[in-house]
């Protein structure tokens, strides 16, 4: 028969952890990428995983497009089956993320490993986030991997300072003109 004391200890341990767990209140602010498409938190709430993935890919493609014709640009670095960054610009290995909301151990382990691997290859690992409401545990893992982390306006400033193109202003123009507003049926 199983040891009831051990079962009790397991449940007690988790009860204590659950009581201490604090959640960041749902982030209700929008961001420039959402606003460019006229997306609201209500729309994103229909399927956060879908919208996060799609906005993340859009962000990656926008940033890559800004840098791709510049001297010093190289496409995503491949190490075996992995791509630890989305593009290289001069000595910077740039990975783009809409936001990090996953704290699963596999994701966190990759951030730690990829940053260190990029440094071994003489690159400066740079993370460019659109959002500023990233999961603290994931940010800690990125810091442990020695990534330089830029969020929100700092990401756009990095792009402007390194490429000469003001992606934020360009997106604002299209937001204001409602050029890419999503009109749902």
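With the alpha-carbon atoms as the only input, what is the per residue convex hull volume for the stretch 47-177 in Å³?
111 Å³
By per-residue mean of other Cβ atoms within 10 Å, what is the highest-first order of 170-178, 68-76, 52-60?
52-60, 170-178, 68-76
Over the stretch 96-185, calculate the relative contact order: mean separation of alpha carbon pairs under 8 Å at least 6 apart, over the residue count, as a percent.
28 percent
Given the DSSP H assignment, sum -39500 (n - 2.57) over each helix run of at least 4 residues in the chain and divide by its residue total; what's the result at 222 nm in deg cm²/dmol, nearest 500?
The helix-only estimate for the chain comes to -16000 deg cm²/dmol at 222 nm.
Quick one: length gained pulling residue 170 to residue 42 fully straight, 0.36 nm per residue minus the C-alpha distance?
Between residue 170 and residue 42, full extension yields 43.6 nm more.
Determine the relative contact order of the chain: mean sequence separation of Cα pairs under 8 Å and six or more apart, normalised by residue count, in whole percent.
After rounding, I find 22 percent.
Just to verify a number: FRET efficiency for residue 137 and residue 50, C-beta to C-beta distance, R0 = 35 Å, to 0.05?
The value I calculate is 0.95.
Highest GNM mean-square fluctuation, the chain, Cα pairs closer than 10 Å: which of 29, 154, 86?
29
What FRET efficiency do you get for residue 69 and residue 185 if R0 is 30 Å and r is their Cβ-Cβ distance, rounded to the nearest 0.05?
0.20
Compute the angle between helix 48-67 and the longest alpha-carbon principal axis of the chain, please, reported from 0 to 90 degrees and rounded to the nearest 10.
With rounding to tens, the tilt is 40 degrees.
Rule-based calculations on the coordinates, nothing more; no lab input. Small disclaimer: the values here were computed from a predicted structure and weren't measured. Cβ atoms come from the backbone with ideal geometry, glycine included; neighbour counts cover every protein chain shown.
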